[in-house]
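The values are calculated or read from the model by the stated rules, or taken from the named source; none is laboratory data. Bear in mind that the values here come from a model prediction, so they are computed numbers and not experimental data. As a convention, Cβ positions derive from the backbone with ideal geometry for all residues, glycine included, and neighbour counts pool all protein chains shown.
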Amino acid sequence: MPRSSSRSSLVPLARLAALSLVSLAGCVGDAGEPLGEAVSPVVVCHASPTVEGIDVSEFQGTIDWAQVKGSGRAWAYARISDGSYMDKTFDANWPAMKAAGVLRGAYQFFEPGQDPTTQANTVVAKIGKLGAGDLPAMIDVEATGGQSAATIAAHIATWISVVEKGTGKKPIIYTGKYFWQDNVADTNQFVGYDLWLAAYVSGCPNTPDAWSDWKIWQYTSTGSIAGISGNVDHDVYAGTLADLQKLAGAGVDYAAKYVSQSWPLASTSLKMTAGQTVAADITLQNVGGKAWDSNTKLATSNPRDRASAFVASDWPSDHRLDVVSGTVAPGASYKFTFSFHAPTTPGSYHEFFNLVEEGTAWFSDSSQGGPADNVIEAWIEVAPGPAGSDAGPAPSDGGTAGDAGSGGDGGSGSDGGALPDAGSNPDGGASGDGGHVDLITSDTNGSGGCSSAPARRGSGGTLALGAFGVAIGLAASRRRRP
C-alpha cells in the first residue's frame, strides 16, 4: 500500500544487475526493497484457486465501483488512514463497495511511533462491528517510526487486540518478508493471523519465516483496472470465491450481528456483590442464511461449553443461558434474556458467550459467520457480601439475596435494581447483508517452480469469521504520506 503518489522505481538502478542474476535462480531475494523482493513479471503460484482483488487509497481518486465489479474483481480493501492522517476517500469508498456488490475490507497504514490504541480505535470507529460481506480489517506493517523491533511487535499486538474485539473478526497482517524479519524480530506470536504478503517477484513469493504460506498476495502496484484512473495495487486471495465469501461472512447458514446489551460493554465492569442476582439481556440480529429456532442457544464460550460461575436459576443448564423461542428469520433480531448470579467468591471475572445451533454448528465455526468466541464478553467485579451474611442460593425471583445474619432469615429476594445502562452499541458497523456477489471464475494456478516455495499452512489458528462487533513490497521513496 503506497504512502505517497510517487511511483519511483522500487529497486535502485545500481542494483539491477545483481537482481537480474538472482532472478535466474527462480525466486528473487531481497536487494534493498523494504517489503517486496524485486520488480519482475509476476506468475501467481499457489496450489489452490485464487480470486483477484485490489486495494486503494485516496491516491486512486474517485472510483467507479460498478466498473471495478464488472472487471471481475470480487473484493477490495480501502484505506482508513495513515496513522492519524485520515484518508479523504474512505467515507465514500466504504458504502460504495458494498452497493456495487464487492466484498469489502478496510485497512490502516500502521505508524509504530504513534499510539497503537488510538490508531486501533480509529479503525473500530470507522467500521464498527463487521457484518456479512465485510472482510476482516487489515494492519499495514511497513514502517518503523524509529521504534525498536520489540516495541513494534508490542504495538502490533495492542492494535490487533483492540481491532479484533471491536470489529468481531480476526485481522489480517500485511507486510513483506525482509521488512518483517529485519524490523519486527520475526516473532512467531502472530502466526495465527493470516498473512497478506507484498512481493513483486517472478515465480513464488517468499514469506517471512514465521509464516509458511500467504492468504493474500499483493503482486504489483502498477496495475490498471476499469473504473480507476492510474495505477492501482493488484492482489490475489488464496482460495475459491466461496472461501472468500465465507471469510466475509456472506452466504453462510449461521451468523449474528451485535445490536445491544443491558450490561456494561467490556471496557467497563459490571459491579455485583457475592450471591447477588441481576437480570440481563443481549439483542442479536440474524445475518445468516437460515432462521433461528429452538435449537439456537446462547452458550458459554472461550472455551465452549464451560460451566459458568454465574449460572442462575433461569438458565437451561450451567453452559446454556437462553434458548430462542419461536423463529427468527434472516434479518430479524432476537433478545436473549437471562440472569447473572454472582458466585460467593469475590474477584474479577471475564465471562464469554456465543451462539450455537445445537447439534449443527457453532456460529464461530470456520464454516459459519461468527461472532468469534471471545467477542461477547461480560467483565464482572464481584465484591464481598455484607459481613456475617450467607449469600446462599439465588433467590427464585431473581432479586438480591438478603442479609441472613447469624442464623437469621435471608429474607425474600428483593429487586436487585436495574442494571446500569451500557448504552447502545456504537454505530459505524456495516449492515448485515453484504449483497449478492456474482460468481466469478477464479484464476487457477498451479504450484510455481520455485523449490523454496512453502507449502500451504495447515494450521496456525482458525479465523473466527463473523458478522460481528469489533488486517505490501514498496520502496521508502513512494511510501511517504502527506
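General remarks:
- Candidates K126, K88, filtered to the one that is within 14 Å of the chain's Cα centre (by Cα), assigned by TED's automatic domain parsing to the domain that holds K169 and at pLDDT 95 or above: K126
- Within region 307-330, residues that are over 17 Å from D281 (Cα atoms) and in the same structural domain as N286 (by TED's automatic domain parsing) reach partners that are of a type outside the set (F, W, Y) and not in a loop (DSSP other than H, G, I, E, B) with beta carbons closer than 7 Å, at six or more positions or on different chains, in the pairs A329/N286; P330/N286.
- Consider region 147-160 and keep the residues that are of a type in the set (S, T, N, Q) and touching a helix residue (DSSP H, G or I) at 6+ places or on another chain (Cβ under 8 Å). The one that is surrounded by the most Cβ atoms within 10 Å (Cβ to Cβ) is Q147.
- Residues of region 224-280 that turn out to be part of a loop (DSSP other than H, G, I, E, B) and either more than 30 Å from G385 (Cα to Cα) or among the acidic types (D, E) (or both), as a count: 12
- Hits in region 209-256 - residues which are over 23 Å from A100 (Cα atoms) and in contact with a Ser or Thr (Cβ under 6 Å, 6 or more places away or on another chain): W214
- From the options K170, K126, K98, K177, residue that is under 22 Å from D373 (Cα atoms) and among the basic types (K, R): K170
- Region 371-400, subset part of a loop (DSSP other than H, G, I, E, B) and modelled with pLDDT of 85 or more, residue farthest from P136 (Cα to Cα): G385
- Restricting attention to region 90-111, the residues that are under 15 Å from T122 (Cα atoms) and surrounded by fewer than 24 Cβ atoms within 10 Å (Cβ to Cβ) add up to 4.
- Taken over region 308-341, the criterion of being of a type in the set (K, R) and under 17 Å from S260 (Cα atoms) is satisfied by K335 alone.
To keep it simple, each residue is scored yes or no on (1) more than 30 Å from H350 (Cβ to Cβ); (2) at pLDDT 95 or above.
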| site | (1), (2) |
| --- | --- |
| Y219 | yes, no |
| N231 | yes, yes |
| V252 | no, no |
| L265 | no, no |
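- Among the residues of region 205-218, the ones that are surrounded by 24 or more Cβ atoms within 10 Å (Cβ to Cβ) and either polar (S, T, N, Q) or touching a Pro at 6+ places or on another chain (Cβ under 8 Å) (or both) come to 3 in all.
- Taken as a whole, the structure places G192 among residues that are surrounded by fewer than 24 Cβ atoms within 10 Å (Cβ to Cβ) and modelled with pLDDT under 95.
- Test: residue in region 56-64 that is surrounded by fewer than 19 Cβ atoms within 10 Å (Cβ to Cβ), over 30 Å from T207 (Cβ atoms), small (G, A, S) and out of contact with any helix residue (DSSP H, G or I) (no Cβ under 6 Å at 6 or more places or on another chain): yes
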